[in-house]
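Sharing a structure, written as structure tokens. Questions coming.
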Amino acid sequence: MPPCSHPDLTGHILPLFDLARQWPKLRDGVLDTVERVAAKGSFSLGEELQAFESEYAGFCGSAHCVGVANGTAAIELALRAVGVAPGTDVITVSHTFVATVKRFGPSAPGRSSSTLIRILVAWIQPHSAVP
């Protein structure tokens, strides 16, 4: 990870998250869950997903939650849920993962121009860290 270029933090590395620090506290619960799911062979759908959706909805104070396979599927579902139609302009930040824009923009493989949205990139100002 490159050092941060913000004047107040020059030379410091800002990690996205520190799994090594969190792992000792999370380890037993994660391994128990992996063992339980693997033993049942229910890697998608099933009661584990239903339990997660219910628990996460409660955590968020929502009536519902939908678990999906990955972040790209989550973005597509969220765009559909709020009524984003083909040809709609959608703004995202410049420092996002490439799949965020590639899946939905003009170069999306296997998608016709009638199903695409238009991606607008908001470049972040280095002096303020805002668009």
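The values are calculated or read from the model by the stated rules, or taken from the named source; none is laboratory data. Since the model is a prediction, treat every value here as computed from it, not as a measurement. Here the Cβ is made from the backbone with ideal geometry for all residues, glycine too, and neighbour counts use every protein chain on show.
Given the criterion among the small types (Gly, Ala, Ser), assigned to a helix (DSSP H, G or I), modelled with pLDDT under 85 and surrounded by 12 or more Cβ atoms within 10 Å (Cβ to Cβ), identify the matching residue among ALA108, ALA99, ALA74.
Going through ALA108, ALA99, ALA74 in turn, just one is among the small types (Gly, Ala, Ser), assigned to a helix (DSSP H, G or I), modelled with pLDDT under 85 and surrounded by 12 or more Cβ atoms within 10 Å (Cβ to Cβ): ALA99.
Which one is modelled with the lowest pLDDT, of the residues in segment 80-96 that are surrounded by 10 or more Cβ atoms within 10 Å (Cβ to Cβ) and more than 20 Å from VAL68 (Cβ to Cβ)? Break it down stepwise before answering.
At the first step, the residues of segment 80-96 found to be surrounded by 10 or more Cβ atoms within 10 Å (Cβ to Cβ) are 80, 84, 86-88, 90-94, 96.
If we keep only those that are more than 20 Å from VAL68 (Cβ to Cβ) as well, we get 86-88, 91, 93-94.
Values: PRO86: 81, GLY87: 81, THR88: 85, ILE91: 83, VAL93: 79, SER94: 76.
Checked segment 80-96; the qualifying residue modelled with the lowest pLDDT is SER94.
Test each condition in (1) more than 29 Å from TYR56 (Cβ to Cβ); (2) in a loop (DSSP other than H, G, I, E, B); (3) at pLDDT 80 or above for ALA69 and report the one that comes out false.
(1)
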